[in-house]
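Worksheet for the structure shown next.
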Amino acid sequence: MDDSPILVVTGLEAGVADEDLDILKGVDLAIGPGEIHAIMGPNGSGKSTLAKLIAGHPGYEATGGSVEFDGEDLLDMEPDERAQAGVFMAFQYPVEIPGVSIANFLRTALQSRLEDGEELDLFDFQELLMERMELLDMDVAFAQRPVNDGFSGGEKKRNEILQMAVLKPALALMDETDSGLDIDALQIVARGVNTLREEDPAMSVLLITHYQRILNHITPDVVHVMVGGKIVESGGPEVALELEASGYEEYRKAHAA
Amino acid sequence: MSQATAVREQAGRKIGRSAVIEQGAGDPAWLRARRAEAWDIYEATPLPSTRSEEWRYTDVARLLALDGLVPTAGGAMAGRALPDGLRRAMEQDRESAGRIVDVDGSVVSVELDEALAAQGVVLSSLREAARAGVPEVEALLATEAVPASDGKFSALNAALWSDGVFLYVPRGVRVDRTIRLSRWVSQPGTATFTRILIVAEELSQLSFVDEILSPDFSTVTLANTAVELFSRAGAQVQYVSLQRMGEGGFYLANQRTLAERDSTLDTLNVALGGSVGRVDLNARLLGPGANSDMLGLYFGDANQHFDFNTSQDHVAPNAHSDLLYKGALDGAARGVFRGIIRVHDGAQGTDAYQTNRNLILSDTAIATSLPNLEIEADDVRCSHGATVGQLDAEALFYLMSRGLHREQAERLVVLGFLGEVLSKLPLGGVVEKVTQAIKAKLRYV
């Protein structure tokens, strides 16, 4: 396996599009194939902005630095191009798309990856979808429901994991996927990520979280602490445990100083 | 008579009293008198102007030069092979219980399941039914539902109609499969006046799909339709209008539904084609337990202009009506929805709802939504709501973040948005056909 990092973020500065507001103030980060990185930080530290920026959210704008994915300049690409290159973001707040079934959505997503004029085989797709749902222990009827429309918080997360399982990304960004989740929903997410990692050990994960508890279910290789738009500490899982004990206050003070 | 001769002969016709007399040649006396009276009303009624609330956004004086139009006489296309566009649309349809084909305002073929005919179901050219002395036609044609006195265009239609449909389902007879009308307008610059009269007797059941198509025209071409629907006690009726005319088409329809005790009378208006589409729909709930679901779907682009004027008249107590009209507008298209719920004095226990939602896809498209309530009873449940929104940027990003191109994402959102309406009336083949037509319009590949 090629061990060169799949994602390289260098000196990234960014803010809200069309506003003079800096959120990221020089972020450096490298994630190797198969690695799980967690970014922890208090509210407003910029950790979620980083995930959205990598996925290509139009509400954020890079003002300096670079993001390379698999050797390509990600910042130059449209969100759909990034997805096709292998980036996937599980949303903190998945969007409701009334009238569009999950199956139809996923079929279109896979179709979009084909060359012009090439047609996705519907039987192959059905088979893939069934197989993926079985892997995640999901009820087949779920795929016929309209995307996130009237879903509970847990069902929305389940849907994010199913999409990830079907699209098989090289890099999964989990944008505060654990916020506001009860323990059952948290485990759905964790089990899903772990199952997909088992299947494809080369899949990298960037886990954005405010809390330590999801890290009891998904074991990170590296934990970063982000405060004030910068990564202020990186280390092993023990960093998360220290945070749990002492909170972000120390980092905040250090950063302010 | 050859087709060329027919067109030449028609070319001299104008909308006027002599055309009314010509149109009535061969009609029974009562019908000739009804036409003449309707023409008098037409002449005495001013053209609706944008100064009136109901026509504020559709300037017929500017959009439609009635004097220049050639009213079709009917009969001209009989015996000819069906136009390709019409044939293709018909081939998409599923099995039906009956089918009637109308070309340029004249019925060219009628088919009805023999078993149903034996049970007393009548599917006929309206002109022939009137001439054959069918009593329901004399009693109900342009009298209770869409009389000439209703307005300028109702009067014009009652005076000049060339043909249409008479469908009668006797008491207790249930027609499981859909009955279809397939209409085609071929001649630019013509005015076609069609009537549809449907009577569902007590405890009967039917569904009727009225599809109209045409090629693109370089001049304004009018298709005016009066639709009269009667559901007697306990009957169940579904009426679907699919308007898929080409450019230049001016579709103008007056529809009225009269629902008696414990009957269901549902409608779906789909507007995809034509340059201008104006539909006036009045649902009257005349008996306790009556129910009308009123669905509408429109998708306009380029310079298309759709105007829906709906009313829900709760005359009887304890009736239910529920309206949902959804439209997507692209290009410089314009959508107008004006709806009113009227709860009449004494109509206690009314349940009436009205929702209009619009999705704007471009900077130049416009949607106007004017819901209204007029309540004269005190024990009622009514609500109305209207929204005009743009494609949600967050939804687009969500879809694109899964790899969909921007256009694919937009199409999916539009299809889902409009699809909600179709999912409420799962009528054999209609959902697929309309979905296909929307996809074609979205240049979906």
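For the stretch B:156-176, how many residues meet the condition of being aliphatic (A, V, I, L, M) and either more than 17 Å from the chain's Cα centre (by Cα) or more than 20 Å from B:T257 (Cβ to Cβ) (or both)?
Narrowing the stretch B:156-176 to residues aliphatic (A, V, I, L, M): B:156, B:158-160, B:165, B:167, B:169, B:173, B:175.
This time we only want the ones that are either more than 17 Å from the chain's Cα centre (by Cα) or more than 20 Å from B:T257 (Cβ to Cβ) (or both), so: B:156, B:159-160, B:169, B:173, B:175.
Summing the residues that are aliphatic (A, V, I, L, M) and either more than 17 Å from the chain's Cα centre (by Cα) or more than 20 Å from B:T257 (Cβ to Cβ) (or both) in the stretch B:156-176 gives 6.
Within the stretch B:258-275, how many residues turn out to be surrounded by 23 or more Cβ atoms within 10 Å (Cβ to Cβ) and closer than 21 Å to B:L242 by Cβ?
Residues meeting the conditions: 9.
In the list B:G234, B:G274, which residue meets the criterion of being touching a residue at least 12 places away in the same chain (Cβ under 8 Å) and within 22 Å of B:S162 (Cα to Cα)?
Result: B:G274 is the single residue among B:G234, B:G274 that is touching a residue at least 12 places away in the same chain (Cβ under 8 Å) and within 22 Å of B:S162 (Cα to Cα).
Yes or no: the stretch B:410-417 includes at least one residue that is within 14 Å of chain A (Cβ to nearest Cβ), touching a residue at least 60 places away in the same chain (Cβ under 8 Å) and either open to solvent by less than 70 Å² (accessible area, probe 1.4 Å) or out of contact with any Ser or Thr (no Cβ under 9 Å at 6 or more places or on another chain) (or both).
Yes.
Looking only at residues that are in contact (Cβ under 8 Å) with a residue 12 or more places away in the chain and out of contact with any Pro (no Cβ under 9 Å at 6 or more places or on another chain) in the stretch A:138-149, which one is nearest to A:M203 (Cα to Cα)?
Only one residue tops the list, namely A:M138.
Scan the stretch B:354-372 for residues that are in contact with a His (Cβ under 9 Å, 6 or more places away or on another chain) and open to solvent by 60 Å² or more (accessible area, probe 1.4 Å) and report the count.
Here is the first cut: in the stretch B:354-372, the residues in contact with a His (Cβ under 9 Å, 6 or more places away or on another chain) are B:354-356, B:371-372.
Still in the list and also open to solvent by 60 Å² or more (accessible area, probe 1.4 Å): B:372.
Selection size over the stretch B:354-372: 1.
Within the stretch B:423-445, how many residues are part of a helix (DSSP H, G or I) and either within 9 Å of chain A (Cβ to nearest Cβ) or not hydrophobic (A, V, I, L, M, F, W, C) (or both)?
The number of residues fulfilling the criteria is 7.
Residues in the stretch A:89-124 that are more than 21 Å from B:D392 (Cβ to Cβ) and not aliphatic (A, V, I, L, M): how many?
First, pick out the residues of the stretch A:89-124 that are more than 21 Å from B:D392 (Cβ to Cβ): A:103, A:107, A:110-111, A:113-124.
Narrowing further to those that are not aliphatic (A, V, I, L, M): A:107, A:111, A:113, A:115-119, A:121, A:123-124.
Adding up the residues that qualify gives 11.
Do we have B:E420 as more than 7 Å from every other protein chain (Cβ to nearest Cβ) and surrounded by fewer than 21 Cβ atoms within 10 Å (Cβ to Cβ) here?
Numbers: more than 7 Å from every other protein chain (Cβ to nearest Cβ): no; surrounded by fewer than 21 Cβ atoms within 10 Å (Cβ to Cβ): yes.
So B:E420 does not fit the description; no.
If I ask for residues that are free of Cβ contacts under 8 Å to residues at least 60 places away in the same chain, within 12 Å of B:D163 (Cβ to Cβ) and more than 21 Å from the chain's Cα centre (by Cα), which ones from the stretch B:53-108 would you list?
The one that is free of Cβ contacts under 8 Å to residues at least 60 places away in the same chain, within 12 Å of B:D163 (Cβ to Cβ) and more than 21 Å from the chain's Cα centre (by Cα): B:A78.
Within the stretch B:383-400, can one find any residue that is closer than 30 Å to B:L206 by Cα and within 12 Å of another protein chain (Cβ to nearest Cβ)?
Scanning the stretch B:383-400 turns up no residue that is closer than 30 Å to B:L206 by Cα and within 12 Å of another protein chain (Cβ to nearest Cβ).
Do we have A:S101 as touching a residue at least 24 places away in the same chain (Cβ under 8 Å) and within 14 Å of chain B (Cβ to nearest Cβ) here?
Values: touching a residue at least 24 places away in the same chain (Cβ under 8 Å): yes; within 14 Å of chain B (Cβ to nearest Cβ): yes.
Yes, satisfied.
Mind checking which residues of the stretch B:229-257 are more than 9 Å from the chain's Cα centre (by Cα), in a strand (DSSP E or B) and surrounded by 24 or more Cβ atoms within 10 Å (Cβ to Cβ)?
Residues satisfying the conditions are B:L229, B:F230, B:S231, B:V237, B:G249, B:T257.
Which count do you get for residues in the stretch A:158-188 that are in contact with a Leu (Cβ under 7 Å, 6 or more places away or on another chain) and modelled with pLDDT under 90?
Going through the stretch A:158-188 one residue at a time, the tally reaches 1.
Identify the residue in the stretch A:143-169 that is of a type in the set (K, R) and over 19 Å from A:Q126 (Cβ atoms) and, among all such residues, is least open to solvent (accessible area, probe 1.4 Å).
Here the residue is A:K157.
Specify which of the listed residues (A:L110, A:L106, A:L135, A:L114) is in contact (Cβ under 8 Å) with a residue 60 or more places away in the chain and either of a type outside the set (A, V, I, L, M) or within 14 Å of chain B (Cβ to nearest Cβ) (or both).
A:L106
Among the residues of the stretch B:95-134, what is the count of those that are over 25 Å from B:N224 (Cα atoms) and either among the basic types (K, R) or not in a loop (DSSP other than H, G, I, E, B) (or both)?
6
For the stretch B:291-302, check the following and say yes or no: at least one residue is surrounded by fewer than 23 Cβ atoms within 10 Å (Cβ to Cβ), among the hydrophobic types (A, V, I, L, M, F, W, C) and over 16 Å from the mean Cα position of the chain (by Cα).
yes
Name the single residue that is least open to solvent (accessible area, probe 1.4 Å) among those in the stretch A:104-124 being assigned to a helix (DSSP H, G or I) and more than 18 Å from A:Q163 (Cβ to Cβ).
Here the residue is A:L122.
May I ask you to say which residue of A:E96, A:E61 is in contact (Cβ under 8 Å) with a residue 40 or more places away in the chain and at the interface with another protein chain (Cβ under 9 Å from one of its Cβ atoms)?
Values: A:E61 fails: at the interface with another protein chain (Cβ under 9 Å from one of its Cβ atoms).
Every option except A:E96 fails the conditions.
Which of the residues spanning the stretch A:68-93 are crowded, with 23+ Cβ neighbours inside 10 Å and at the interface with chain B (Cβ under 7 Å from one of its Cβ atoms)?
Residues satisfying the conditions are A:P79, A:D80, A:A83, A:M89, A:F91.
Taking the stretch B:303-337 as the search range and keeping residues that are charged (D, E, K, R) and open to solvent by 40 Å² or more (accessible area, probe 1.4 Å), which one is nearest to B:E376 (Cα to Cα)?
B:D322
Could you tell me how many of the residues in the stretch B:384-406 are without any contact (Cβ under 8 Å) to a residue 12 or more places away in the chain, surrounded by fewer than 18 Cβ atoms within 10 Å (Cβ to Cβ) and charged (D, E, K, R)?
Counting residues in the stretch B:384-406 that are without any contact (Cβ under 8 Å) to a residue 12 or more places away in the chain, surrounded by fewer than 18 Cβ atoms within 10 Å (Cβ to Cβ) and charged (D, E, K, R) gives 2.
Give the residue, chosen from A:G65, A:G44, that is within 23 Å of A:Y251 (Cα to Cα) and open to solvent by 10 Å² or more (accessible area, probe 1.4 Å).
On inspection, the qualifying residue turns out to be A:G44.
For residues that are part of a helix (DSSP H, G or I) and of a type in the set (S, T, Y), scanning just the stretch B:2-46, find the one that is modelled with the highest pLDDT.
By that ranking, first place goes to B:Y42.
Quick one: which residue in B:T368, B:T355, B:T364, B:T310 is outside any strand (DSSP E or B) and either out of contact with any helix residue (DSSP H, G or I) (no Cβ under 7 Å at 6 or more places or on another chain) or in contact (Cβ under 8 Å) with a residue 40 or more places away in the chain (or both)?
Result of the check over B:T368, B:T355, B:T364, B:T310: B:T364.
The values are calculated or read from the model by the stated rules, or taken from the named source; none is laboratory data. Please read all numbers here as calculations on a predicted model, not as lab measurements. Note that each Cβ is placed from the backbone with ideal geometry, even for glycine, and that neighbours are counted across all protein chains shown. Heads up: the accessible areas ignore ligands, DNA and RNA and are worked out on the full protein's heavy atoms, side chains in. Shrake-Rupley method; radii C 1.70, N 1.55, O 1.52, S 1.80 Å.
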